[in-house]
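The values are calculated or read from the model by the stated rules, or taken from the named source; none is laboratory data. Computed from a predicted model, the values in this text were never measured in an experiment. A quick note on method: Cβ atoms are made from the backbone with ideal geometry, for glycine too, and the neighbour counts reach across all protein chains shown.
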Amino acid sequence: MKRVVISGVGAVSAMGNDVSSLVKGIEEKKSAVHYMEGWDQYTGLRSLVGAPAKLINEKAIPRKNRRSMGRMSIFALQATEQALADAGIKHEELTSGRIGCIIGSTMGSAESLNEVFEIMLPQKDLTKLPSMKFFQCVSHTAAMNVSQCLGITGCVIATSAACASALQAINVGYDLIRLGKQDAVACGGAEELHPTVTGSFDVLFATSANYNDKPHKTPRPFDRDRDGLVCGEGSGILVIEEYERALRRNAKIYAEIIGYHTCGSGVHVSQPDKNSIALCLREALASANVSPKEVDYINAHATATIQGDREEAKAIKEVLGDSMPVSSLKGYIGHTLGASGSLELIVSLAMMEKGIIYPTLNLDNVSPDCQGINHVMEAVSKDISIMVKNCFAFGGINSVLVCKKL
């Protein structure tokens, strides 16, 4: 099997439209969560907070490409262009067939889907639908639009596993390169914020509804007063490539991907399960040939739901013990769903490079059901050689990635 490294990163998030803004905002312990004006018109929507990103320079995208893009695809394209530039991959290389594009999301553009129903349903008149709406709504819209706009002719794949989408996209790219089917892959996830997205969690009582008047205080991963997740949006894209190729190009290497695992719980469609999370962690470490004692940091999924944080904390304690540092980034940028794995991995790589662990924002009092692990509540200087990234999704879908500093 070929070795695989990360050689480029790009991000659009609620902190800003590049990686430096994302990292700087987290370094400064800023919250990008806001009260969402206009959401109160939705009857029954309890959570009125979100972490929105800004559309910037979207008209720089040629109109023939932009017509088929919703917000999510625009975010994904901008993040991909950043990552490719960071990796030093030229446009002409994208048409070689040896560079792929794998971008996951929960679904198609939520805003576009909502517009389709608002246009069509009053008179059930399909003739009123713009022809390009379909391409904004399909579940592979981000991967499709990015690859079309950039002329990518390698493997184009869309992973769709809700909050595990981005990490599964990286895992698929990792396998393609290890097997020699691709030389490099632009991979990650994208998502967009909309009241119907928050509403889908809200009806399950999984959202934060107690902090509408003080949005910067939520979400609260692992905290005693956590009351649910806050949806965010954006895109995180990483360029991963074959190790020898990166060396020949003298590319910057952020880290080597050394293992992963993904599995289902088979237990419950919406309730997380400690045993399957622990299994996923163990299998990921085994695939990396790494013992729990060798791990220096774990970036938790930790969305601030009652059940999710509890089960993840128990699994981490069981597999990795009580001394390894653990933190979550969702207090800063909300839960970016299909983009969370890649955006949070990019920040974790920055931690690895800087030798610092950013704390879990809004973790003031560790909940009794989340104790027994080493929560990072203030920034900690630490050399990070091996780190673990967790992602867990509805449907009992678990995904864990292991990276090593070179």
Can you tell me which residue among A286, A304, A315, A300 is under 24 Å from Q371 (Cβ atoms) and out of contact with any strand residue (DSSP E or B) (no Cβ under 7 Å at 6 or more places or on another chain)? A315
Which fully enclosed strands (runs of 3 or more DSSP E) of the stretch 213-327 have 2 or more residues being under 21 Å from F201 (Cα atoms)? 234-242
Of the residues V326, V295, V290, V347, which single one is surrounded by fewer than 22 Cβ atoms within 10 Å (Cβ to Cβ) and in the same structural domain as S381 (by TED's automatic domain parsing)? V290
Can you tell me which residues in the stretch 224-273 are of a type in the set (D, E, K, R) and surrounded by fewer than 24 Cβ atoms within 10 Å (Cβ to Cβ)? R224, D225, D227, E242, E244, R245, R248, R249, K252, E256, D273
Matching residues in the stretch 344-363 - criterion: being closer than 21 Å to S105 by Cβ and touching a helix residue (DSSP H, G or I) at 6+ places or on another chain (Cβ under 7 Å): I346, V347
If the requirement is being under 16 Å from L167 (Cα atoms) and of a type in the set (A, V, I, L, M), which of these qualifies: I333, I356, I346? I346
Cβ-Cβ under 6 Å, sequence separation 6+ or interchain: first residue in the stretch 87-101 and assigned to a helix (DSSP H, G or I), partner loosely packed, with under 12 Cβ neighbours inside 10 Å. Which pairs? L94/G151; T95/G151
Within the stretch 116-163, can you find the residues that are buried (at least 20 other Cβ atoms within 10 Å of the Cβ) and either outside the structural domain of G10 (by TED's automatic domain parsing) or among the hydroxyl-bearing types (S, T, Y) (or both)? T141, S147, T159
The stretch 1-58, residues that are assigned to a loop (DSSP other than H, G, I, E, B) and among the hydrophobic types (A, V, I, L, M, F, W, C): M1, A14, M15, A32, V33, M36, L45, L48, A53, L55, I56
If A339 meets every condition in (1) among the small types (G, A, S); (2) out of contact with any Leu (no Cβ under 7 Å at 6 or more places or on another chain); (3) part of a helix (DSSP H, G or I); (4) under 24 Å from S367 (Cα atoms) apart from one, which number is that one? (4)
Restricting the first residue to the stretch 17-42 and requiring it to be more than 19 Å from E192 (Cβ to Cβ) and not assigned by TED's automatic domain parsing to the domain that holds E344, which pairs with a second residue that is surrounded by 15 or more Cβ atoms within 10 Å (Cβ to Cβ) and aromatic (F, W, Y) meet a Cβ separation below 8 Å and a spacing of at least six or different chains? G25/Y332; I26/Y332; I26/Y358; E27/Y358; K29/Y332; K30/Y332; S31/Y332
If you take the residues of the stretch 348-368 that are assigned to a helix (DSSP H, G or I) and out of contact with any strand residue (DSSP E or B) (no Cβ under 8 Å at 6 or more places or on another chain), which of them is nearest to S13 (Cα to Cα)? A350
Out of G396, G341, sole residue that is at positive phi and among the small types (G, A, S): G396
